[in-house]
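Working notes, beginning with the structure itself.
No value in this document is a laboratory result; all are computed from the given coordinates. Keep in mind that this is a model prediction, so the values were computed, not measured. Here the Cβ positions follow ideal geometry from the backbone for every residue, glycine too, while neighbour counts run over all protein chains shown.
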Amino acid sequence: MQSIIKVNAVRTIFDNRVVHDGLNLEIKKGEIYGLLGPSGCGKTTLLREMVLLQKFHGGEINILGYNLSHINQKDAQSLRREWGVLFQAGALFSSLTVAQNIALGLVEYSDLSKKMIAEIVAFKINLVGLKPSDGKLYPSQISGGMKKKAALARALALDPKLLFLDEPTSGLDPISAREFDTLILKLRELLGLSIIMVSHDLRSIYDTLDRIAVIDNQKIIYEGTLGTIRDEKSEFIQNFFKANI
């Protein structure tokens with residue numbers, strides 16, 4: 001299976017604190033890949049480095065054939081159109097309606113007519129399970145689950161190849177969280193997405209992920225399937241998965 005992301009010897013430093021000290025992992029096309037680890041280990045930091053929101057200090061990250069260590073501004077802008085990002089709190093613009101939030105990337109990065117943009121927005125709203133009337137509402141008028149779906153629709157607006165999810169079920173009630181998991185699996189099949197997800201939700205991890213990487217003590221301490229993680233002796237892994245091992 002084709003690799004779409006390779007992380008090689010990545011090193012990250014905040015002030016004088018080393019967060020990552022030689023991370024290595026490989027993500028394949030079409031899989032749902034999880035980044036796991038204790039709080040503060042640098043999961044979201046790595047995700048932010050992958051989507052060019054944060055710089056790393058050593059090693060290489062290659063995405064869709066681009067080396068992020070040496071990427072120029074033009075290629076970086078092109079690459080950003082190949083992925084969508086769902087931030088943990090949704091990061092919707094409070095002054096825009098749901099529909100306007102979803103349309104934002106299309107308005108900024110395409111030459112499509114207003115009519116075509118409206119049609120695409122309506123399609124994306126339906127795709128994530130929202131009602132047409134929800135598009136007229138503002139973020140303050142919708143539930144947490146609806147905010148996640150609206151933010152997901154915005155992440156999918158430009159038909160990306162990659163989807164990055166930061167704690168997508170965080171803050172959701174159990175029923176909404178499981179609905180969101182089902183939606184993610186459905187979208188992977190419908191759209192042929194490759195998905196990279198940071199999560200602490202054990203049920204979501206078991207229900208959605210094909211492979212995982214566990215970050216602890218500045219390193220990747222495990223990369224593989226959940227089926228073989230029971231053999232690992234890491235204290236974090238034993239504690240985190242103890243209910244299922």
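Charge tally around Ala9: other residues with Cβ under 10 Å, Lys/Arg +1 each, Asp/Glu -1 each, net -1. Considering only Leu185, Leu165, Ile117, whose Cα is most displaced toward the positive end of the charge dipole of region 115-245, charges sitting on Cβ of Lys, Arg (+1) and Asp, Glu (-1)? Working it through, the farthest residue towards the positive pole turns out to be Ile117.
With 26 Å as the limit, write out which pairs from Lys6/Lys242; Lys124/Lys219; Lys28/Lys136; Lys55/Lys161; Lys29/Lys186 have Cα-Cα distances beyond it, or answer none. Long pairs (Cα-Cα over 26 Å): Lys6/Lys242; Lys124/Lys219; Lys28/Lys136.
How would you order 186-198, 204-216, 230-242 from highest to lowest mean count of nearby Cβ atoms within 10 Å?
Result, highest mean first: 204-216, 186-198, 230-242.
Compute the separation of the alpha-carbon centres of region 187-245 and region 45-64 and state it in Å as a whole number. What the calculation gives is 20 Å, centre to centre.
Per residue, the average separation of C-alpha pairs within less than 8 Å and at least 6 apart gives the chain a relative contact order of 26 percent. At R0 = 45 Å, how high is the FRET efficiency between Leu226 and Ala122 if r is their beta carbon distance? Nearest 0.05 is fine. According to the calculation, E is roughly 0.75.
Mean sequence separation of contacting Cα pairs (under 8 Å, at least six apart), scaled by the length of region 53-166, corresponds to a relative contact order of 39 percent. Loop-located chymotrypsin sites (Phe, Trp or Tyr not before Pro) across region 33-113 with a Cβ neighbour count of 15 or fewer within 10 Å are Phe93, with loop assigned by DSSP.
Pick from Leu158, Leu35, Leu202: which is most flexible by mean-square fluctuation in a GNM of the chain where alpha carbon atoms under 10 Å apart are linked? Between Leu158, Leu35, Leu202, it is Leu202 that shows the largest mean-square fluctuation.
Projecting the Cα positions of Phe93, Tyr33, Ile13 onto the charge dipole of region 1-149 (unit charges on Cβ atoms of Lys, Arg, Asp and Glu, taken about the Cα centre) puts Phe93 furthest along the positive direction. Look at the Cα gyration tensor of region 1-57: its axes a ≥ b ≥ c give a/c of at least 1.5 with a/b over b/c, and that counts as prolate. For Lys149, a cut-off of 19 angstrom between C-alpha atoms picks up these aspartates and glutamates, skipping any fewer than 8 places away in its own chain: Glu119, Asp134, Asp159, Asp166, Glu167, Asp173, Glu179, Asp181, Glu189, Asp201, Asp207.
Once you treat every alpha carbon in region 66-112 as an equal point and sum by Debye, what is log10 I(q)/I(0) at q = 0.14, 0.15, 0.28 Å⁻¹? For region 66-112 at q = 0.14, 0.15, 0.28 Å⁻¹, log10 I(q)/I(0) is -0.48, -0.54, -1.08. Computed about its Cα centre, the charge dipole of the chain is approximately 480 debye, with only Lys, Arg, Asp and Glu carrying charge at their Cβ.
Considering helices alone, the calculated mean residue ellipticity of the chain at 222 nm is -10500 deg cm²/dmol, with DSSP H runs of length four and up weighted by -39500 (n - 2.57) and normalised per residue.
Let me check against my output: what whole-number percent is the relative contact order of region 25-83, with C-alpha pairs under 8 Å and at least 6 apart? Display every interim value, and only then the final one.
Details: 22 pairs, mean separation 10.3, N = 59.
For region 25-83, the relative contact order is 17 percent.
When the Cα gyration tensor is reduced to axis lengths a ≥ b ≥ c, the ratio a/c is 1.5 or higher for region 94-197, and with a/b not above b/c it is classed as oblate. Charges were assigned to the Cβ only: +1 to each Lys and Arg, -1 to each Asp and Glu. The resulting dipole of region 117-245 about its Cα centre is roughly 320 debye. Put a dot 7 Å past the Cα of Lys115, heading toward its Cβ, do the same for Lys242, and the two dots end up 6.3 nm apart.
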